[in-house]
Amino acid sequence: MQAASPSPHTPPPPRPHTDAVERLFVPLMMGTSVVGGLTHLAFIFLFASAGVRLLAIVNVASVLVYLLAWMLLRARHTVPALLLVGTEVVCHAALASWLIGWDSGYYYYLMLTIPVVIVSQLPGAWKTAMVLLVGMLHVAIDVMLRGAVPVAVVSPQMITGLYYFNLVTTLGILTFLVASYFRMVTKADARLRQIAETDPLTRLLNRRSILDLAQGYARRGEPQREALSLILGDVDHFKAVNDNHGHEAGDSVLLAVSAALLAELRDEDRLARWGGEEFLILLPSIGLEQAAAVAERLRQRVAAVEVVLPTGQRLSPSMTFGIAAMRPGEPLDAAIARADAALYAGKRAGRNRVEQAAA
């Protein structure tokens, strides 16, 4: 069946990269909004007590701006929130520097807008334009207000205290931004690594990751290689399950079989979904005879599984296993091929059994 062409009014599908960036950026900005709001809340009391009423009122407005930004971010309106916060930072820095003087250090907060813009999901051209704009505004405010006579008169001690407070607060917020972003990127990287290394249905290792592990085991201790046995298992009559009961039933069987296999293995053993209804098991430090005993226990464990379908039907899966112990100097793919040959010998011999490859 040919897919229908998209309507001109149909919105384009979301871009995975943009979605991933937004998932990182929104919590980061929400945290920044909370920190910014609390900082301006402190400024309200400070300037009210110092008699700088206009700046106290400005900080009330700033607290409301950060509250609105937090609400916008919660609703995933990230671009308006970013523009709102950026405008507040620039306006507040300029107004505070004009009212109580450049030496109060409020210009430091302008620098915080740059890393926020860079890690946002804005298009690259927008980021470049906004970073350049912030830089030009910083220079312009510096040129106009450095050395200018403040509108409000406050004590030199208060100006010095504000300078160091703003410096330390800027460094603290910058540290918070970097640490938060690093933590979020680390979590995202771990999640991506998990996706790359595991089977999405069973959550077992996937083919690529088990091969990497097997290569590591195979190289361990060369030339006196440590014993390593392989078990390759296949769910019997799995195609019939899918054909007769549907793919959801097949998925239920795979999940039940995966749980049964895991329950019988040691902590140091490794189990992976090899592909389709096949599973590969690595048994380090185990020879062929012990591997055969393990495979037999696995066979019995799977044979005891009963899968109850939503229709009330009950399925009793079984598995056939082929085992091989790696020979000295043998390539990994050759050992897997021998286990695979043993597996299909078991299939031809009637299924639901364990077959050993030649030692």
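Could you check the stretch 320-346 and list, in sequence order, the residues that are of a type outside the set (A, V, I, L, M, F, W, C) and surrounded by fewer than 16 Cβ atoms within 10 Å (Cβ to Cβ)? Across the stretch 320-346, the qualifying residues are ARG327, PRO328, GLY329, GLU330, PRO331, ASP333, TYR344.
A count restricted to the stretch 298-309 and to residues that are touching a Pro at 6+ places or on another chain (Cβ under 8 Å) and surrounded by 20 or more Cβ atoms within 10 Å (Cβ to Cβ) stands at 1. Here the stretch 285-297 is the region considered, the condition is being part of a helix (DSSP H, G or I) and touching a strand residue (DSSP E or B) at 6+ places or on another chain (Cβ under 7 Å), and the residue that is surrounded by the most Cβ atoms within 10 Å (Cβ to Cβ) is ALA295. Does the stretch 190-204 contain any residue that is among the hydrophobic types (A, V, I, L, M, F, W, C) and either outside any helix (DSSP H, G or I) or under 15 Å from TYR109 (Cα atoms) (or both)? Yes, the stretch 190-204 contains at least one residue that is among the hydrophobic types (A, V, I, L, M, F, W, C) and either outside any helix (DSSP H, G or I) or under 15 Å from TYR109 (Cα atoms) (or both). Among the residues that make up the stretch 310-317, is at least one of them loosely packed, with under 14 Cβ neighbours inside 10 Å, modelled with pLDDT under 95 and under 24 Å from GLY216 (Cβ atoms)? So far as the stretch 310-317 goes, no, none of its residues is loosely packed, with under 14 Cβ neighbours inside 10 Å, modelled with pLDDT under 95 and under 24 Å from GLY216 (Cβ atoms). The set of residues in the stretch 64-81 that are at pLDDT 90 or above and surrounded by 18 or more Cβ atoms within 10 Å (Cβ to Cβ) comprises VAL65, TYR66, ALA69, TRP70, LEU72, LEU73, ALA81.
Let's see how each residue does on (1) closer than 25 Å to ASN242 by Cβ; (2) touching an Asp or Glu at 6+ places or on another chain (Cβ under 6 Å):
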{"site": "ALA303", "(1), (2)": "yes, no"}
{"site": "ARG314", "(1), (2)": "yes, yes"}
{"site": "ALA324", "(1), (2)": "no, no"}
{"site": "ARG327", "(1), (2)": "no, no"}
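Listed by first and then second residue, the pairs with beta-carbon distance under 7 Å, at least 6 apart or on different chains, first residue in the stretch 44-71 and outside the structural domain of GLY31 (by TED's automatic domain parsing), second surrounded by 16 or more Cβ atoms within 10 Å (Cβ to Cβ) and part of a helix (DSSP H, G or I), form an empty list. Scanning the stretch 328-359 for residues that are out of contact with any helix residue (DSSP H, G or I) (no Cβ under 9 Å at 6 or more places or on another chain) and outside any helix (DSSP H, G or I) turns up PRO328, GLY329, ALA349, GLY350, ARG351. The condition of being farther than 24 Å from PRO331 by Cβ and either buried (at least 17 other Cβ atoms within 10 Å of the Cβ) or not assigned by TED's automatic domain parsing to the domain that holds ARG338 (or both) holds for LEU254.
Do we have any residue at all in the stretch 272-284 that's surrounded by 15 or more Cβ atoms within 10 Å (Cβ to Cβ) and farther than 22 Å from ALA342 by Cα? The answer is no; no qualifying residue exists. Of all residues in the stretch 302-327, those being of a type outside the set (Gly, Ala, Ser) and either outside any loop (DSSP other than H, G, I, E, B) or closer than 17 Å to LEU283 by Cβ (or both) number 11. Sub-7 Å Cβ pairs linking a first residue in the stretch 315-329 that is free of Cβ contacts under 8 Å to residues at least 60 places away in the same chain to a second residue that is assigned to a loop (DSSP other than H, G, I, E, B) and of a type outside the set (A, V, I, L, M, F, W, C), at least 6 apart or interchain, are SER316/GLU306, ordered by first then second residue.
Restricting the stretch 212-248 to residues that are surrounded by 18 or more Cβ atoms within 10 Å (Cβ to Cβ), of a type in the set (A, V, I, L, M, F, W, C) and in a helix (DSSP H, G or I) leaves a set whose member that is modelled with the lowest pLDDT is ALA218.
The residues of the stretch 36-60 that are over 43 Å from the mean Cα position of the chain (by Cα), farther than 12 Å from MET158 by Cβ and small (Gly, Ala, Ser) amount to a single one, ALA48. You will find that of LEU133, LEU68, LEU64, LEU84, the residue that is part of a helix (DSSP H, G or I) and touching a helix residue (DSSP H, G or I) at 6+ places or on another chain (Cβ under 6 Å) is LEU84 and no other. The residue list THR186, THR169 contains one member that is exposed (fewer than 15 other Cβ atoms within 10 Å of the Cβ) and among the polar types (S, T, N, Q), which is THR186.
The values are calculated or read from the model by the stated rules, or taken from the named source; none is laboratory data. Since we're looking at a predicted model, the values are computed, not measured. Glycine gets a Cβ as well: all are built from the backbone with ideal geometry, and neighbour counts include every protein chain shown.
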